[in-house]
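Here, each number is a calculation from the coordinates, and none is a lab measurement. In this text, all values refer to a predicted model and were calculated from it rather than measured experimentally. Neighbour counts run over all protein chains shown; Cβ positions are idealised from the backbone, glycine included.
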Amino acid sequence: MTTPRLQHALTIGTFVSMIVACRGVPERADAGRRDADRRDAASEPSEDDAFVSFPFDAPGLGDLDAPFDTGPGETPCFEDVATEIGLGDPFGPYRRPPECRFDDPAHDGPGDHCDAEWGLAGAAVGDVNGDGHDDLFVTRIDRGPSLYVNDGTGRFTDEAAARGLAITEPTAAAAFGDVDADGDLDLYVATFGGLAHHLFLNEGASFRDVAVARGAAIASMRPLLGSSVTFGDYDGDGDLDLFVGEWRFHTVHDGPSNARLLRNRGPTMPGYFEDVTLAAGVAMEDAWTGVAMPGVYVYAVAMLDLDDDGNVDLAVNGDFRTSRLFFGRGDGTFVDGTRAAGVGTETNAMGASFADLDDDGDLDWLVTSIWMAFGPDWGNRLFRNDGARRFTEITREAGVLESGWAWGAVFFDHDNDRDYDLAIANGWDFAPHADDAMRFYRNEGALRFVDVASRVGIDDRTQTRGVVVFDPDDDGDLDLFVARQGATPSLFRNACGEGHAWLRVRVRGGDGALGEGLGARVTVRESATSAPRTFVIGQSTHYQGQSERIAHFGLGDHAGTIAEVRVELPDGRSVTRTDVASREVLEITVP
């Protein structure tokens, strides 16, 4: 029986809109299920738009499952050790209709709204007990989340229940941040199906949920479908504010968007929040205008200073052409600069990562999106930051356009050779994306990347979603944690950069504000004549979680000390260190 599932919109000639009817997709032999689901993707249709049904196994799509990396073999340098070190618990079952958690009356039966659920699987990194070793929080769909505490050797034990994190409903996204400026990391968790999100204050041995009492719950009489969380000091008062995203069709439940900006009321009331979404000018209620399926479609979100004016900006990755880039004005409000900046051109924005790829001092921006061979609007976007609130798209030249049904992404220097490489998670549960290979792009220099995933040991064709990096074994290279939908995660231990030097910089604010130095700009010069290299704390990953809050610099073949390390907080306070030893974690407190 053919069901009227979600459709992709295809505009003939201009490719501005696309509708793809989900009919005749063959069942996967290992799934034992009916026709595979599809998702909507539409841009702003005009009166002249024409639409056509188009089967997903039609000619012209290309072999999206084929690995893109070619070339001579090499010894794999990543090894999956998740089970060995205690991180092997599964995310939860991959539910298919009619077992999905929410109904969609626009579709054909109970529990037939799977799209939001199928995008879940995230993780967040943070040192919850202050022992200098990063721990890992992992979301779950079928039971409470996990808080894996690092024992100092790179092995983990789940202490979520023992530390007061026994959440009963499914969890979608999380982020660590010191919201009350007391020197330890608190935790915000967005639920999937609960009536309130959670803000857990770190009280040493355990956490306590204070979200409702402190104005951070975004409580609703209808289920919240959280999709993302990010911290940042958008109003420049020295404490951490919060943006929470959601992804839902209006047909699931109509009403105002639950994608909200929450202002921290400190310093007089640190850790208490008020909703300032409308006043700040960052409401997402109308972002779906012109989209075939009205809804709120926020995925990755980030608060970073992208125009180097000293004010935090808000980058929102939105599915179905609803992305927005809001520039901070410095008075607690934002202006929508999406079109003028030349961004938001992708069809289905999901994951995001930022890095200074060309060493010009500002952050470039990768946006993951679905790749299909229907026209130029499809695929990822890599935006080079040209300054003055302008970006130039360089996706095709960089070689990162076509990476399947892309989700989380993270830039990091995996081999410590001084430039950023890129990991992208992939997959969606129908042909041709059911077996999308995870991508790992090695930076070849001159803003050019080549996929070498299978060659370095990341030969993965499962349903991968969130990706984060950190150094759990303290060996000076970054390991890659990959969260999966309906399967166990992976911790790819990294041995790729063992022959190269490195420096890691951990930042603290001396007054307790901005825990982990979020938003701090760290600049390194290897020698007095070297060009500066920049890392902004919090730049790495923004899909359903966060990577470590440490500035990591690969030093390549550099020998000896590092001439200068400079740390500048968003409020202008700075510290400079000279003649710094390599291969160490440098801790800098900014008074």
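About its Cα centre, the range 94-238 has a charge dipole of approximately 520 debye under the convention of +1 per Lys or Arg Cβ and -1 per Asp or Glu Cβ, with nothing else charged. Residues whose amide H falls under 5 Å from that of residue 227, counting only those 5 or more places apart or on a different chain, are 245, 246, 247, with hydrogens built in the peptide plane. Taking packing as the residue-averaged number of other Cβ atoms within 10 angstrom, the listed peptides 440-452, 480-492 run from highest to lowest as 480-492, 440-452. Near residue 412, the amide H atoms lying under 5 Å from its own belong to 421, 422, 423; only residues 5 or more places off or on other chains count, and H is placed 1.01 Å from N.
As a size descriptor, the averaged projected area of the C-alpha convex hull of the range 98-239 was calculated at 9.8 nm². From the largest down, the range 494-553 spans 33, 29, 16 angstrom on the principal axes of its Cα atoms. Considering all different alpha carbon pairs of the range 376-456, the Kirkwood hydrodynamic radius works out to 13.6 Å. With distances taken between every two different alpha-carbon atoms, the range 262-371 has a Kirkwood hydrodynamic radius of 15.0 Å. Using Cβ point charges alone (K and R +1, D and E -1), the dipole size of the range 263-327 about the Cα centre works out to roughly 220 debye. Subtracting the Cα-Cα distance of residue 153 and residue 459 from their residue separation scaled by 0.36 nm leaves 107.5 nm. Highest mean packing comes first when the peptides 374-386, 328-340, 222-234 are listed by Cβ atoms within 10 Å, giving 222-234, 374-386, 328-340.
Between residue 203 and residue 531, residue separation times 0.36 nm minus the direct Cα-Cα distance comes to 113.8 nm.
Once Rh is set to the Kirkwood radius over Cα pairs, what Stokes-Einstein translational diffusion coefficient, in µm²/s, holds for the range 201-350 at a temperature of 10 °C and a viscosity of 1.306 mPa s? After rounding, the answer is 99 µm²/s.
Taken along its principal axes, the alpha carbon cloud of the range 194-265 reaches lengths of 41, 30, 18 Å, longest axis first.
In this simple spin-label approximation, residue 195 and residue 278 carry label points 7 Å from Cα along the Cα→Cβ vector, and these lie 2.3 nm apart.
Note on residue 289 and residue 574: the model spin-label points, each 7 Å out from Cα along the C-beta direction, lie 4.2 nm apart. Full extension of the chain between residue 585 and residue 397 yields a length gain of 64.2 nm, computed as 0.36 nm times the residue separation minus the alpha carbon distance. Residues whose amide H lies under 5 Å from that of residue 487, counting only those 5 or more places away or on a different chain, are 91, 92; hydrogens are built 1.01 Å from N in the peptide plane. When each of the peptides 523-530, 303-310, 415-422 is scored by the mean number of other C-beta atoms lying within 10 Å of its residues, the order from highest to lowest reads 415-422, 303-310, 523-530. At q = 0.09 Å⁻¹, what is the base-10 log of I(q)/I(0) for the range 434-591 according to the Debye formula with one equal point scatterer per Cα and no solvent? Please give it to two decimals. Scattering profile of the range 434-591, log10 relative to I(0): -0.34.
Computed from backbone phi, the HN-Hα couplings of the range 277-290 come to 3, 6, 5, 7, x, 10, 5, 10, 4, 9, 5, 7, 3, x Hz, rounded to whole numbers (Karplus: 6.51 cos²θ - 1.76 cosθ + 1.60, θ = phi - 60°; Gly and Pro given as x). Residue by residue, the range 187-196 carries 3J(HN,Hα) couplings of 9, 9, 10, 8, 8, 10, x, x, 9, 7 Hz when phi is fed to the Karplus relation 6.51 cos²θ - 1.76 cosθ + 1.60 (θ = phi - 60°); x denotes Gly or Pro. Per-residue 3J(HN,Hα) values for the range 471-488, derived from phi via the Karplus relation 6.51 cos²θ - 1.76 cosθ + 1.60 with θ = phi - 60°, read 10, x, 9, 6, 10, x, 10, 8, 8, 10, 9, 10, 8, 10, 7, x, 7, 6 Hz in sequence order (x marks Gly and Pro). Using a cutoff of 8 angstrom between alpha carbon atoms and counting only pairs six or more residues apart, the relative contact order for the range 441-591 works out to 22 percent.
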